[in-house]
Amino acid sequence: MDHSRAPVLDALQEYRKRDHLSFTPPGHKQGRGVDPRVLDVLGEDVFRSDVLMMNGLDDRTMSGGVLSDAERLMADAVDADQAFFSTCGSSLSVKTCIITVARPGEKLLVSRNAHKSVVAGLIISGVDPVWVHPRWDAEWEWAYLPGPEAVAEGFARAPGARGMLLITPTDYGTCAAISDVADVCHEHGVPLIVDEAWGAHLPFHPGLPSWAMDAGADLCVTSVHKMGAGLEQGSVYHLRGDRVDPGVLSMRADLLDTTSPSSLVYAGLDGWRRQMVEHGHGLLDRALGLTAVARERLGGVLRVVGRDDVVGPRKADDHDPLKVVMDVSALGFSGYSASEWLRSRHHVDVGLADHRRIAAQITVADDEGTVDRLVTAVADLVAHAAELPRSRPVDIPAPGELELEQAVLPRAAFFADAEHVPAAEAVGRICAETISPYPPGVPAALPGEVITRPVVDYLRSGRAAGMFLPDPTDGDLDTIRVVARGAV
Ligand SMILES: Cc1ncc(COP(=O)(O)O)c(C=O)c1O
């Protein structure tokens, strides 16, 4: 296929050249109605390119095939059978995949390190999760993705399960053995969905971990805005093989999708595909080289998590080096304080921050200057270690203690009559809300699970140490929303 084309961008250019006059949404009419103060900040071009897809960029019946053409090119670029653009992030794409593979009440194996958007998909759909638990690493106090044995054991518990949803890479850059897990799913005749929100760049360089489609997944969800260069919310999900019916996938997607997708977001996805096909290898080569330099320089001032720390038996299967995870625990302060200090003193924003780590992602957008600024800021952080507040202890649960009993379906608990009880009194009660330390946004407790003392202690001590909990009704977790007695 001719990858020098970018159908959405080309159509936008044409639209502008032909000087269309619209009497349709968007009501700003290519910026004419926008407050000049908004234009001052966002620029006129944003509005000039914010155009309806149907009866705008394309005609009334979409006969020009602008979107389908762009999606075909995307699929070809990454060796998928079909690709689908979405404008509400992987958060929506994972929901589409869940309701495509399983019906309400049916079972789906789900890796328990799932992002909260997956849990939201389970709540909305009424799908019954069969949790497959990650492998806990007590030294690093984090979890690796479940391997094929755990998945096989999941199918043994739920022989009728409709498929499996695996999340890889993690926000920490650790990766699962996708092809082994795919084999187990396929032996059971069901599809593997991979939530590869952090892996949109993987197809474009052989030095990076394997891309889910190449590893045998049937459906794969990516966030192009995370490790790629798309606009925020730009997500693509991909299909390969015949275990998932593309017609059903489109129909279920239509249930959730907006009828007013953003041409800006689509254009970002389209242009990124062209850039990756034409220059991806070189750009990612450069990013990998920069990362090696960053890792070496950062390793001179603090502990950087390397491949050898996380890849091995009972650990991760692979590692994305572009996620540079730094352990600050030996310096006496938390990742939360480190992140805040870097932001306020150096205006350097890192991604993930937890009780002992920060993570910086290097992408095709970086260069020697940005890496130097990161290293300088982190070196300065270390030099000022004594000035940062001492980290407060977080009661990290022992291996297995984060594996809560799922007493009722997430959907049943979420919509049940509920009450708010003091956190200590929530022990033994059924959770009616999702409680996710963010980032990485993996719920420590979710609707339908029985709350335990170690989880309450972990979340409460974490909150006191600086953990951010955006989703429970009481973000300080003085109270927890639990299912009213006798309600389910
Ligand atoms: C594993 C995983 N899946 C899905 C999502 C949701 O992605 P998005 O922000 O594109 O909606 C995230 C977001 O961080 C994630 O980490």
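Kindly list, by first and then second residue, each pair from a residue in the range 94-108 that is surrounded by fewer than 19 Cβ atoms within 10 Å (Cβ to Cβ) to a residue that is part of a helix (DSSP H, G or I), limited to pairs with Cβ atoms under 7 Å and residues at least 6 apart or on different chains.
As it stands, the answer is P104/S125, since those pairs meet every condition given.
So how many residues does the range 78-119 have that are within 10 Å of the ligand (Cβ to nearest atom), small (G, A, S) and farther than 23 Å from Y144 by Cβ?
Matching residues across the range 78-119 total 4.
Report, by residue number, each residue of the range 322-346 that is surrounded by fewer than 19 Cβ atoms within 10 Å (Cβ to Cβ) and within 20 Å of K226 (Cα to Cα). Walk me through it before giving the result.
Looking only at the range 322-346, we keep the residues that are surrounded by fewer than 19 Cβ atoms within 10 Å (Cβ to Cβ), and these are 327, 329-330, 332, 340, 343-346.
Hit for the range 322-346 is R343, nothing else.
Condition first: farther than 30 Å from A338 by Cβ, of a type in the set (D, E, K, R) and surrounded by 14 or more Cβ atoms within 10 Å (Cβ to Cβ). Now tell me which residues in the range 448-488 satisfy that.
Once the filter is applied, which keeps residues that are farther than 30 Å from A338 by Cβ, of a type in the set (D, E, K, R) and surrounded by 14 or more Cβ atoms within 10 Å (Cβ to Cβ), the range 448-488 yields E449, R481.
Which residues, counting only those in the range 428-443, are away from the ligand (no atom under 16 Å from the Cβ) and closer than 19 Å to A464 by Cα? Don't jump to the end; show me each part of the working.
Of the residues in the range 428-443, the ones away from the ligand (no atom under 16 Å from the Cβ) are 428-433, 435.
Passing the criteria: only I435.
Of the residues that sit in the range 107-146 and are among the small types (G, A, S) and in contact with a strand residue (DSSP E or B) (Cβ under 6 Å, 6 or more places away or on another chain), which one is farthest from A330 (Cα to Cα)? Spell out how you get there, then give the answer.
Within the range 107-146, the first condition is being among the small types (G, A, S), and the residues that meet it are 111, 114, 117, 120-121, 125-126, 138, 143.
Restricting the remaining residues to those that are in contact with a strand residue (DSSP E or B) (Cβ under 6 Å, 6 or more places away or on another chain) gives 111, 114, 143.
Working: S111: 31, A114: 29, A143: 20 Å.
Taking the candidates together, the pick is S111.
Would you tally the residues in the range 198-252 being among the basic types (K, R), more than 20 Å from A177 (Cβ to Cβ) and crowded, with 21+ Cβ neighbours inside 10 Å?
Step one: of the range 198-252, the residues among the basic types (K, R) are 226, 240, 243, 252.
When the remaining residues are screened for being more than 20 Å from A177 (Cβ to Cβ), the result is 226, 252.
Those still in the list that are crowded, with 21+ Cβ neighbours inside 10 Å too: 226.
Residues flagged as among the basic types (K, R), more than 20 Å from A177 (Cβ to Cβ) and crowded, with 21+ Cβ neighbours inside 10 Å within the range 198-252 amount to 1.
So which strands (runs of 3 or more DSSP E) are wholly in the range 181-287 and hold at least 1 residues that are touching a strand residue (DSSP E or B) at 6+ places or on another chain (Cβ under 9 Å), among the charged types (D, E, K, R) and within 16 Å of the ligand (Cβ to nearest atom)? Working first, answer last.
Values: elements: 192-195, 219-223, 235-239.
Fully inside the range 181-287 and qualifying: 192-195.
Determine which member of the set A143, A138, A75 is within 14 Å of the ligand (Cβ to nearest atom) and surrounded by fewer than 22 Cβ atoms within 10 Å (Cβ to Cβ).
Working: A138 fails: within 14 Å of the ligand (Cβ to nearest atom); A75 fails: within 14 Å of the ligand (Cβ to nearest atom).
Answer to the check: A143.
More than 23 Å from A330 (Cα to Cα) and part of a strand (DSSP E or B) - does that describe any residue in the range 453-473?
No: the range 453-473 contains no residue that is more than 23 Å from A330 (Cα to Cα) and part of a strand (DSSP E or B).
What helices (runs of 4 or more DSSP H) completely inside the range 1-107 contain at least 3 residues that are over 21 Å from G271 (Cα atoms)? Walk me through it before giving the result.
On the way: elements: 7-17, 36-42, 44-48, 66-78, 89-101.
Because the criterion is at least 3 residues that are over 21 Å from G271 (Cα atoms), the helices (runs of 4 or more DSSP H) in the range 1-107 that meet it are 36-42, 89-101.
Looking at the range 390-407, is at least one residue within 21 Å of G335 (Cα to Cα) and part of a helix (DSSP H, G or I)?
No, there is no match, as no residue in the range 390-407 is within 21 Å of G335 (Cα to Cα) and part of a helix (DSSP H, G or I).
Say whether the condition of being under 27 Å from S210 (Cα atoms) and under 31 Å from the mean Cα position of the chain (by Cα) is met by at least one residue in the range 56-69.
We begin by selecting, within the range 56-69, every residue under 27 Å from S210 (Cα atoms); these are 68-69.
If we keep only those that are under 31 Å from the mean Cα position of the chain (by Cα) as well, we get 68-69.
Yes, some residue in the range 56-69 is under 27 Å from S210 (Cα atoms) and under 31 Å from the mean Cα position of the chain (by Cα).
Name the one entry in G428, G441 that is under 30 Å from R297 (Cα atoms) and in a loop (DSSP other than H, G, I, E, B).
G441
With the structure loaded, tell me whether V325 is within 27 Å of the chain's Cα centre (by Cα), assigned by TED's automatic domain parsing to the domain that holds R303 and not in a loop (DSSP other than H, G, I, E, B) or whether it fails that test.
Numbers: within 27 Å of the chain's Cα centre (by Cα): yes; assigned by TED's automatic domain parsing to the domain that holds R303: yes; not in a loop (DSSP other than H, G, I, E, B): yes.
It is true that V325 is within 27 Å of the chain's Cα centre (by Cα), assigned by TED's automatic domain parsing to the domain that holds R303 and not in a loop (DSSP other than H, G, I, E, B).
The values are calculated or read from the model by the stated rules, or taken from the named source; none is laboratory data. Everything quoted here is computed from the prediction, not taken from an experiment. All Cβ positions, even for glycine, are placed from backbone atoms using ideal geometry, and neighbour counts span all protein chains on display.
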